[in-house]
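Report on the following structure.
The values are calculated or read from the model by the stated rules, or taken from the named source; none is laboratory data. If you're wondering where the values come from, they're calculated on a predicted model, not measured in any experiment. Note that each Cβ is placed from the backbone with ideal geometry, even for glycine, and that neighbours are counted across all protein chains shown.
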Amino acid sequence: MLVDAERLHIAVQKSGRLSDLSRGLLTDAGLRIANGKNALAARIENFPADLMFVRDDDIPTFVADGACEFGIVGQNVLYEFALDEGEERCEVVAALGFGHCTLKLAAPEGAQWHGAESLAGQRIATSYPNIVDAWLAERGIDAEAVKMNGAVELAPRLGIAPFICDLVSTGATLEANGLRAVDTVLDSEAVLIRTRKPVTGPKQEQAERLWKRLQGVIGTRDAKYIMLNAPSTALPAITRLLPGAEAPTILPLHGRPGHFAVHAVCQESVFWETLHDLKAAGASAILVLPIEKMML
């Protein structure tokens, strides 16, 4: 598919869990993506934008250079790119709440570990040498980050480096290679990034429309709509208990003088404990509803 200069371009990971989650976010924003997961690009049928499927470590470059106006990428990849460039050429517009991972230091089982100072004078194998160097510099530790593009867990066994720094989820891969996590370097999640290159003409308006849609989905991930009834004397306590609600709507109940209906959008998770507290404060007929879409 030829690149259309009149359409927006969104860079996402070509395959893997982050690719599926990114497509899910765009679908939740009402974008109909033509089948093109195994191609290099896919057309969005009901919006002037196309998806570009690329390697995750290429996404910041595509966005920074303005080839793509938006991208979805892990913070770990973006941070490594920014440190390599020496400047922030992409704007982070939102954390997305998915794609969580942790960049951890690991050492062979049985190796002595007395904190970060144990790394002094050592080599650390990693796919994220810039992040590791920045982490070491913050702690004043003189050690060498050795860049590897894969199979980082094999470095100690092969004598390349006694320590590694790699992404860890369950720790099963470390354990299978006789390693244990000893410290955390970075907690990461997926972020939506935007180019700092000028976007002009019709594409500027399209970019704002797309961001508004995505913002509406992101903003409703944990949001809930709460409706309840309460006497006037309980309203101050109830409004304080509503999680993340700025200004609830309060309406008089017909036929019940001194009683009101309270409606509120709660931007934080609503737990059973919250409902018990509302009930104890005088609320009744409490109803909690999910929010599918919200234009902010």
Within the stretch 9-23, residues among the charged types (D, E, K, R), closer than 25 Å to GLY66 by Cβ and assigned to a helix (DSSP H, G or I) come out as ARG23
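Can you pull out every residue in the stretch 79-119 that is polar (S, T, N, Q) and either in a helix (DSSP H, G or I) or surrounded by 14 or more Cβ atoms within 10 Å (Cβ to Cβ) (or both)? If you could, list the steps in order and put the result at the bottom.
From the stretch 79-119, those polar (S, T, N, Q) are 102, 112, 118; that's our starting set.
Residues satisfying the conditions are THR102, SER118.
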Among the residues of the stretch 64-78, the number that are hydrophobic (A, V, I, L, M, F, W, C), in a helix (DSSP H, G or I) and either within 17 Å of the chain's Cα centre (by Cα) or not assigned by TED's automatic domain parsing to the domain that holds LEU214 (or both) is 2
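Would you confirm, using the coordinates I've provided, whether ALA82 is more than 27 Å from ALA172 (Cβ to Cβ), out of contact with any Gly (no Cβ under 8 Å at 6 or more places or on another chain) and of a type in the set (A, V, I, L, M)?
On the way: more than 27 Å from ALA172 (Cβ to Cβ): yes; out of contact with any Gly (no Cβ under 8 Å at 6 or more places or on another chain): yes; of a type in the set (A, V, I, L, M): yes.
Criteria met by ALA82.
Output yes when any residue across the stretch 123-131 is among the aliphatic types (A, V, I, L, M) and either touching a Gly at 6+ places or on another chain (Cβ under 8 Å) or assigned to a loop (DSSP other than H, G, I, E, B) (or both), and no when none is. Even if it seems obvious, please write down each step before you answer.
Here is the first cut: in the stretch 123-131, the residues among the aliphatic types (A, V, I, L, M) are 124-125, 131.
Within this subset, residues satisfying the condition of being either touching a Gly at 6+ places or on another chain (Cβ under 8 Å) or assigned to a loop (DSSP other than H, G, I, E, B) (or both) are none.
No, there is no match, as no residue in the stretch 123-131 is among the aliphatic types (A, V, I, L, M) and either touching a Gly at 6+ places or on another chain (Cβ under 8 Å) or assigned to a loop (DSSP other than H, G, I, E, B) (or both).
For the stretch 11-23, check the following and say yes or no: at least one residue is within 21 Å of VAL199 (Cα to Cα), at pLDDT 95 or above and touching a strand residue (DSSP E or B) at 6+ places or on another chain (Cβ under 9 Å). Steps first, answer last, please.
Of the stretch 11-23, the ones within 21 Å of VAL199 (Cα to Cα) are 11-12.
Narrowing further to those that are at pLDDT 95 or above: 11-12.
Now drop any that are not touching a strand residue (DSSP E or B) at 6+ places or on another chain (Cβ under 9 Å), which leaves 11-12.
Yes, because at least one residue in the stretch 11-23 is within 21 Å of VAL199 (Cα to Cα), at pLDDT 95 or above and touching a strand residue (DSSP E or B) at 6+ places or on another chain (Cβ under 9 Å).
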Within the stretch 244-271, restricting to residues that are buried (at least 17 other Cβ atoms within 10 Å of the Cβ) and in contact with a Phe, Trp or Tyr (Cβ under 9 Å, 6 or more places away or on another chain), the one that is farthest from LEU192 (Cα to Cα) is ALA264
Those residues of the stretch 210-242 which are closer than 30 Å to ASP28 by Cβ and in contact with a helix residue (DSSP H, G or I) (Cβ under 6 Å, 6 or more places away or on another chain) amount to VAL217, LEU241
Among the residues that make up the stretch 154-165, is at least one of them touching a strand residue (DSSP E or B) at 6+ places or on another chain (Cβ under 6 Å) and closer than 25 Å to GLU85 by Cα?
yes
ALA29 passes all but one of the listed conditions (1) in contact (Cβ under 8 Å) with a residue 60 or more places away in the chain; (2) out of contact with any Leu (no Cβ under 6 Å at 6 or more places or on another chain); (3) aliphatic (A, V, I, L, M); the exception is number (2)
query: Within the bounds of the stretch 192-205, is there any residue that is outside the structural domain of GLU88 (by TED's automatic domain parsing), among the acidic types (Asp, Glu) and surrounded by fewer than 14 Cβ atoms within 10 Å (Cβ to Cβ)?
result: no
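Take the conditions in a strand (DSSP E or B) and either surrounded by fewer than 18 Cβ atoms within 10 Å (Cβ to Cβ) or assigned by TED's automatic domain parsing to the domain that holds PRO60 (or both) and apply them to ASP222. Does it pass? Steps first, please.
On the way: in a strand (DSSP E or B): no; either surrounded by fewer than 18 Cβ atoms within 10 Å (Cβ to Cβ) or assigned by TED's automatic domain parsing to the domain that holds PRO60 (or both): yes.
In short, no.
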Sole miss for CYS101 among (1) closer than 27 Å to SER22 by Cβ; (2) out of contact with any Asp or Glu (no Cβ under 8 Å at 6 or more places or on another chain) is condition (2)
By residue number, the members of the stretch 144-162 that are of a type outside the set (Lys, Arg), surrounded by fewer than 16 Cβ atoms within 10 Å (Cβ to Cβ) and part of a strand (DSSP E or B) are GLU144
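Condition first: of a type in the set (A, V, I, L, M, F, W, C), in contact with a strand residue (DSSP E or B) (Cβ under 8 Å, 6 or more places away or on another chain) and part of a loop (DSSP other than H, G, I, E, B). Now tell me which residues in the stretch 24-46 satisfy that.
Filtering the stretch 24-46 for residues of a type in the set (A, V, I, L, M, F, W, C) gives 25-26, 29, 31, 33-34, 39-42, 44.
Imposing the further condition that a residue be in contact with a strand residue (DSSP E or B) (Cβ under 8 Å, 6 or more places away or on another chain) reduces the set to 25-26, 31, 33-34, 39-42, 44.
Of everything in the stretch 24-46, those that are of a type in the set (A, V, I, L, M, F, W, C), in contact with a strand residue (DSSP E or B) (Cβ under 8 Å, 6 or more places away or on another chain) and part of a loop (DSSP other than H, G, I, E, B) turn out to be LEU31, ALA34, ALA39, LEU40.
Residues GLY282, GLY216: which one is assigned to a loop (DSSP other than H, G, I, E, B) and either farther than 30 Å from VAL191 by Cβ or of a type in the set (Gly, Ala, Ser) (or both)? Walk me through it before giving the result.
Working: GLY216 fails: assigned to a loop (DSSP other than H, G, I, E, B).
Among GLY282, GLY216, only GLY282 is assigned to a loop (DSSP other than H, G, I, E, B) and either farther than 30 Å from VAL191 by Cβ or of a type in the set (Gly, Ala, Ser) (or both).
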Within the stretch 207-219, of all residues that are closer than 21 Å to LYS197 by Cβ and crowded, with 19+ Cβ neighbours inside 10 Å, the one farthest from the chain's Cα centre (by Cα) is LEU210
